[in-house]
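First comes the structure, then the notes that go with it.
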Amino acid sequence: MLAGVAVLAVTGVARAQIPEAEAAFATGHYRAARAAYERVLQTDSLNVRALYRLAVLDSWDGKLTRSLARFARLRRLEPRDGDIMVAHARVLAWAGRTRRAEILYDSVLAAAPGRADALAGRARAVAWAGDLESAERLWRAALAAHPDDPEILVGLAQSLFWRGQVDLAETYVARARQLAPGDRAARDLLDLLRAAVRPTFETAADYTSDSDRNAALGHRASFTQSVGGWRIGLRGGWRDAKDPARDGWSWGAAGHVVAPLGGGTVARAGVGARRLAPGIGPGRTVPTGEVGIGLRPSRFASFSVAYNRAPFDETALLIDSGYTMDAVDAAFDLTTAGGLSVSLGSGAGWLSDGNRRVGGVAAIMQRVGAGLELGGLARSLGWREPNPGRGYFAPNRFTIVEARGVYTWRRGRWGGRLDAGAGIQQVGAGTDQQGEWHAGLSVSRGWGAASEIALMGTWTNSAASSATGAYRFWSVGMRLRQTL
């Protein structure tokens with residue numbers, strides 16, 4: 001009997017604490033709400049409401065593994081609760097477990113076929129899995145059942161945007177904004193869509209120097225405009241490069257077009273020319289060009305392959321030499337909702353002096369906290385004719401392995417990024433390994449939908465950072481992007 005009285009007393013204390021926690025949650029005081037819900041669980045470890053709220057808060061904080069563990073416990077306590085099932089499926093999708101999320105949404109819809117949040121969640125999970133065509137059909141079916149649901153309108157617009165149908169996507173998200181003026185997802189997507197089709201001006205300037213006493217000041221500018229769903233742009237720039245024995249200039253301009261092909265695929269092509277003007281001797285004009293294709297099979301993955309022809313003009317000696325480079329590069333990027341990002345790249349370049357370079361890079365980063373990512377990078381490159389004595393970095397083999405961290409923060413319109421890494425590098429087969437490090441900092445200020453100015457700097461002893469393989473390299477720069 002005393003045990004029963006004790007249980008009732010504990011349950012009563014937990015019930016008394018729930019209103020305090022709910023009030024904090026409803027007013028957006030999530031830290032206080034979390035503390036209050038944790039106190040509830042200390043006295044009643046099976047309290048469904050506290051477990052549910054904490055699982056949601058964990059998912060909002062990016063702690064998806066802990067959130068899913070709480071949902072698994074909740075499902076054992078309340079196996080048929082529709083709200084819990086929908087929230088659980090949503091976090092499964094965020095964690096990249098889209099197939100499990102689809103199955104759980106189907107279970108909800110079997111009991112409640114017209115439930116709007118389940119219809120939206122299932123369509124979103126299919127889109128995130130990469131089947132954008134099926135996702136669009138699901139969104140449209142959901143919209144037919146709920147024509148005034150802002151979440152469904154925004155979801156359909158997002159899928160259309162990923163498929164390259166920007167104008168059509170804007171009509172749906174604009175309607176969502178009319179129905180729910182305070183909806184942040186609709187507002188942010190509408191800003192993104194409008195920025196994607198507005199004319200955009202970008203400019204950048206930077207100064208670089210290395211321990212071989214090469215220095216360069218450069219400036220680039222571009223203007224892009226949407227025409228019939230295509231992005232058409234013009235860009236130009238110049239570089240003033242110096243070393244202890246000479247100086248040289250290079251400048252040029254080019255035009256490019258980016259065309260959506262449907263299904264998340266875009267093609268890019270461009271053509272131009274660049275003038276190389278050494279301090280002594282005749283100059284020459286080099287034709288430039290690019291062609292490439294990019295695919296986004298899902299929200300989390302992208303692949304691209306591109307060919308590029310351009311002068312090799314990073315230093316005054318290289319401008320004087322007049323080399324050009326033909327390069328083919330491929331890249332794959334995967335970013336999961338759980339904060340894991342994987343980047344793979346490979347490429348080959350053919351220099352006009354007959355030499356050839358091949359290389360590859362792999363990087364893995366994991367989000368471990370608010371704004372903090374930790375991981376590593378490995379890179380290798382090699383030249384067919386090593387160290388030909390022509391003024392550029394050409395080892396028969398260069399490798400680098402580095403542990404790195406990145407911290408980003410944003411306060412309103414201000415943002416910052418700090419990245420640093422340390423590891424080992426080997427310059428040439430059979431040589432000794434050396435320590436390697438790098439550090440970078442950028443500070444930015446944004447305005448409007450997608451306008452931003454940023455200042456940045458880098459410092460490293462990686463031999464690969466300089467065209468000559470110098471062991472100290474630093475740069476400072478400014479970037480400006482203005483949507484019109």
Exercise. For the chain, find the longest principal axis of its Cα atoms and tell me its angle to the long axis of helix 2-26, 0 to 90°, nearest 10.
Key: 50 degrees
Practice problem: Specify the inter-centroid distance of the range 182-217 and the range 44-90, based on alpha-carbon positions, in whole Å. | Solution: 39 Å
Quiz prompt | Protection proxy ranking of 356-364, 463-471, 315-323, 176-184 - average other beta-carbon atoms within 10 Å, highest first | solution = 315-323, 463-471, 356-364, 176-184
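Calculate the translational D of the chain in whole µm² s⁻¹ from Stokes-Einstein, where the hydrodynamic radius comes from the Kirkwood formula applied to all Cα pairs, the temperature is 37 °C and the viscosity 0.692 mPa s. All intermediate terms of the calculation are to be shown ahead of the outcome.
Working: Rh = 26.2 Å.
The Stokes-Einstein estimate is 125 µm²/s.
How would you classify the range 201-483 from its alpha-carbon gyration tensor, with a ≥ b ≥ c the square roots of the eigenvalues: rounded for a/c under 1.5, else prolate if a/b is greater than b/c, otherwise oblate? Please list the in-between numbers first.
Numbers: a/c = 1.40, a/b = 1.12, b/c = 1.25.
Since a/c stays below 1.5, the shape of the range 201-483 is classed as rounded.
Treat every Asp and Glu Cβ in the range 148-197 as -1 and every Lys and Arg Cβ as +1, leave all other atoms uncharged, and give the resulting dipole magnitude about the Cα centre to the nearest 20 debye.
I would put it at about 120 debye.
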Practice problem: Quick one: compute the contact order of the range 201-483, relative version, from alpha carbon pairs under 8 angstrom and 6+ residues apart, as a percent. | Solution: 13 percent
Quiz prompt | the range 411-484 versus the range 126-153: alpha-carbon centroid distance in Å | solution = 40 Å
Quiz item: Any idea which of 365, 265, 101 is furthest toward the positive side of the dipole for the chain, if Lys and Arg beta-carbons carry +1 and Asp and Glu beta-carbons -1?
Solution: 101
Self-check item: Within the chain: Cβ-based charge dipole about Cα centre, in debye rounded to nearest 20 (Lys, Arg +1; Asp, Glu -1)
Solution: 520 debye
Self-check item: Most positive-pole-ward Cα, 46, 244, 91, against dipole of the chain from beta carbon charges
Solution: 46
Practice problem: On a 0 to 90° scale, report how tilted helix 166-179 is relative to the longest principal axis of the chain, with both axes built from alpha carbons and the result rounded to the nearest 10. | Solution: 40 degrees
Exercise. For helix 64-77, report the angle its Cα long axis makes with the longest principal axis of the Cα atoms of the chain; keep it between 0 and 90° and round to the nearest 10°.
Key: 20 degrees
Exercise. Identify, among 330, 458, 65, the residue whose Cα sits farthest towards the positive end of the charge dipole of the chain, taking +1 on the Cβ of Lys and Arg and -1 on the Cβ of Asp and Glu, with the dipole about the Cα centre.
Key: 65
Quiz prompt | Dipole magnitude (debye, nearest 20) for the range 344-484, charges at Cβ of Lys, Arg, Asp, Glu | solution = 480 debye
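Counting only C-alpha contacts under 8 Å and six or more residues apart, can you give the relative contact order of the chain as a whole percent?
On the way: 1103 pairs, mean separation 41.2, N = 484.
Taking the mean separation of contacting Cα pairs over the length of the chain, I get 9 percent.
No lab work stands behind these numbers, since they all come straight from the coordinates. For clarity, every value in this text was computed on a predicted model and none was experimentally measured. Using ideal geometry, Cβ is built from the backbone for each residue, glycine included, and neighbour counts are taken over all protein chains shown.
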